[in-house]
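For reference, the structure is listed below as structure tokens.
The values are calculated or read from the model by the stated rules, or taken from the named source; none is laboratory data. Just so we're clear, the structure is a prediction, and the values are computed from it rather than from any experiment. FYI the Cβ positions are ideal-geometry reconstructions off the backbone, even for glycines, and counts take in every protein chain you see. Protein only, heavy atoms only, side chains kept; ligands, DNA and RNA dropped before computing areas. Shrake-Rupley method; radii C 1.70, N 1.55, O 1.52, S 1.80 Å.
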Amino acid sequence: MPLSEHEQRLLDQIEQALYAEDPKWANTVRISDPRNHYKRRLVKASIGFVLGVVLLMVGAVAPLIPLGVGGFVVMLAASVWGLSSWKRMNGFGGEAKPGAPDAKPDRRRAARPSFMERMEERWRRRGEER
């Protein structure tokens, strides 16, 4: 439901007052697309993964097993963090994209028969063909 002209003017005045009072905070709040946040997290996860590979290689070349194990753990953690950020950035993680329709994934699955139902249907068709 769109705002009336009076409400829109009031909102603009409040917004301008906030920008004048604290421009840094207002600029931070102004960025409304959460995908930017997840892109930054994805870049940080990539850097963490590379750091983990370096630690793993140093631990393998020099006989420092705890360092190698630590590098593997860093790689694993960075991969999980990056994958979760990538999923949320692309709308697979439960958060809807801005402007996307509210579609529940459970509704799509409920319309599809289960694995066992499909197998039973195939078994019945094979019996009828004979």
>> Contact list please: Cβ distance under 8 Å, first residue in the stretch 116-130 and modelled with pLDDT of 85 or more, second residue open to solvent by less than 100 Å² (accessible area, probe 1.4 Å), pairs at least six apart or on different chains.
In response: Glu121/Pro113
> When you scan the stretch 40-55, how many residues do you find that are open to solvent by 80 Å² or more (accessible area, probe 1.4 Å) and farther than 14 Å from Val73 by Cβ?
Replying inline: 5
> Is it the case that the stretch 16-39 has a residue that's surrounded by 13 or more Cβ atoms within 10 Å (Cβ to Cβ), modelled with pLDDT of 85 or more and either at negative phi or part of a helix (DSSP H, G or I) (or both)?
Replying inline: no
